[in-house]
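For reference, the structure is listed below as structure tokens.
Every read-out reported here was derived from the displayed coordinates using simple, explicitly stated rules and does not represent laboratory data. As the structure is a computational prediction, the values presented were derived from the model and not from experiment. Methodologically, a virtual Cβ is constructed for each residue, glycine included, from the backbone with ideal geometry; neighbour enumeration extends over all protein chains shown.
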Amino acid sequence: VNSSIIVKIIAIAVAISIYAMINNSFVAGAVSLATQKKFIPILKDVLVDFFGATIFISLGIAYLAIYLYPYVGFYVIFVILGPLLAIRFVMTLYRKFLNTKLEAMYALMKALEEKDPYTAGHGERVSLYCEVMAEKFDIYGKRLEDLKIAAQLHDVGKIGVRDIVLNKPERLTTVEYDEIKKHPVDGAKILSEIPSLKVIVPWIRYHHERWDGSGYQDGIKGDQIPLEAQIIGISDVYDALTTKRAYRDEYSNEEAIKMITEESGKGFNPELVSALLSFKERFNEIRVEKAPAYAGVKK
């Protein structure tokens with residue numbers, strides 16, 4: 001390869017990097033001001049995205065342009081336009097494909113939830129609670145989006161649970177509860193078939209594990225449980241407690257917080273319980289605003 005071409009590519013790489021730092025710093029700053037979230041984690045997230053496939057594609061096209069310029073001159077613009085448009089077209093199709101799969105999964109979850117008026121909107125509320133909790137642990141960008149998707153789909157394994165068990169109006173028997181307890185593993189199996197969702201599979205599988213190891217299905221404990229699974233788990237429990245059931249009334253915000261606090265160091269990571277306490281008013285706002293359509297919501 002001609003050394004002058006290498007020098008030019010290095011120069012282009014440096015220019016792209018400087019542009020990315022300046023441009024993405026402004027973007028991250030604007031997002032930070034608008035959302036009141038920390039600047040550095042946001043900047044880190046957008047830069048990680050940029051310095052992935054984007055920069056390699058940019059350098060590849062730059063190399064092609066430099067190589068062809070002596071032969072075609074100004075017309076090199078039209079030569080490289082084809083690959084650029086092709087890449088854009090393929091990426092657009094891929095995003096549409098992923099969105100279609102997600103929309104199908106969301107539709108399944110909505111149909112599942114709406115079989116029982118008391119659990120309608122459960123996935124959405126858990127997702128919103130997780131988004132609030134994520135602030136405490138500097139979870140932003142792609143990781144936050146993955147967490148919100150996982151929260152929406154955390155109960156997808158219940159698709160395989162019999163309706164007579166899922167919608168039973170009184171407390172479950174031991175056998176019925178054992179059937180319900182399979183849903184994290186079943187959900188993980190379902191989502192593992194979708195390559196773009198593989199990162200959230202362990203979060204789904206472990207969202208019913210407990211800090212002291214007494215959860216299900218694998219009985220892992222402490223930091224063996226992925227942080228995202230812990231966040232989904234505590235948000236799931238809060239929503240379950242503050243939502244009415246056929247066999248009991250819902251608990252108030254304060255009652256639910258008290259019950260969860262009593263499980264600190266046992267069912268839940270003390271750090272997550274502390275975070276929940278600091279966000280309890282925001283949790284309550286979401287709970288009231290997104291409550292299922294049954295009469296009377298405890299304050």
Exercise. For a label point 7 angstrom out from the Cα of T173 toward its Cβ, which stretches of the range 192-227 have the backbone nitrogen within less than 16 Å?
Worked result: none
Problem set entry | Under-5 Å amide H pairs with F268, H placed in peptide plane, nonlocal only | W211
Problem set entry | Computed E for E103/Q224 - FRET, C-beta separation, R0 22 angstrom, nearest 0.05 | 0.10
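Which pairs in the list K198/K280; K136/K189; K101/K280; K110/K182; K148/K258; K189/K221 are over 28 Å apart, alpha-carbon to alpha-carbon?
As for pairs spanning more than 28 Å Cα to Cα, those are K198/K280; K136/K189; K101/K280.
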Problem set entry | Length added when fully stretched, L85-M259, from 0.36 nm per residue minus Cα-Cα | 57.0 nm
Exercise. Among L166, L128, L33, whose mean-square fluctuation peaks in a Gaussian network model of the chain (Cα, cutoff 10 Å)?
Worked result: L33
Problem set entry | Förster radius 25 Å - calculated FRET efficiency between R95 and L33, Cβ distance, rounded to 0.05 | 0.35
Problem set entry | the chain: calculated mean residue ellipticity at 222 nm from DSSP helix runs of at least 4, using -39500 (n - 2.57) | -21000 deg cm²/dmol
Problem set entry | FRET efficiency, A11 to K110 (Cβ-Cβ, R0 41 Å, nearest 0.05) | 0.20
Exercise. Given 0.36 nm per residue, what is the gain on full extension from D163 to E281 after removing their alpha carbon distance, in nm?
Worked result: 39.0 nm
